[in-house]
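Each remark here refers to the structure printed beneath this line.
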Amino acid sequence: MDVWCAIRTYPKHATELGNPIPTEPVFFLKPSSSVVDFGIIDSCDGDVHHEIELVLKIGPNNEPSHMALGLDLTKRSIQDHLKEKSLPWAEAKAFSGSAVLGDWVEYNPKAEYSLEVNGNEVQRGSLAMMSWTPKQLIAKLANWAPIREGDILFTGTPSGVGPLSKNDEVTASLYIESEHILSHHAKCV
Ligand code: ZN
């Protein structure tokens, strides 16, 4: 299984980090060994940022078959340093435990989701807010990438990213047309 990730798919998040809104989607990879369950996030040193994302599982014919909530954890100051030097982001994005992944449910294009930190909602997104539909995103990736059935795609984060500190309590929730489907909890250590 390969772990593909899209960036700047939510215009408001691109601009909150001072980045231009891309006209074509941009992708990077995380190693499959960086995937961990919700429960404990062991990299919370005040620099690691949460990025709540909807994650798609790629099914037959490059169609999304399932979806899950994920956290694309990012070492922001390392990323800023690497960006400044035009270097690859691997150290900031592909470290151990950097891909937090929840339970799979059947794909639904009406998915919405939110992230709470210590009971306060900090991020909220929906597939409808993205610059590209999930099918368009997968199709753009498939233009050049050797994607395979069973690969997963982090679809990018909405605005509101921020640092996680030790003892923070994180709750990620998934909704379909405002109906609560599931929540995942994690404790930062
Ligand atoms: Zn991300």
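The values are calculated or read from the model by the stated rules, or taken from the named source; none is laboratory data. Values in this document were obtained by computation on a predicted structure and should not be read as measured data. Neighbour counts are summed over all protein chains in view; Cβ atoms, including those assigned to glycine, are modelled from backbone coordinates with ideal geometry.
So which of H66, H49 ends up being at pLDDT 95 or above, farther than 27 Å from K135 by Cα and either of a type in the set (A, V, I, L, M) or not in a loop (DSSP other than H, G, I, E, B) (or both)? Every option except H49 fails the conditions.
Tell me whether the range 167-182 contains one or more residues that are among the β-branched types (V, I, T), within 16 Å of the ligand (Cβ to nearest atom) and either touching a strand residue (DSSP E or B) at 6+ places or on another chain (Cβ under 7 Å) or not in a strand (DSSP E or B) (or both). Yes, the range 167-182 has at least one match.
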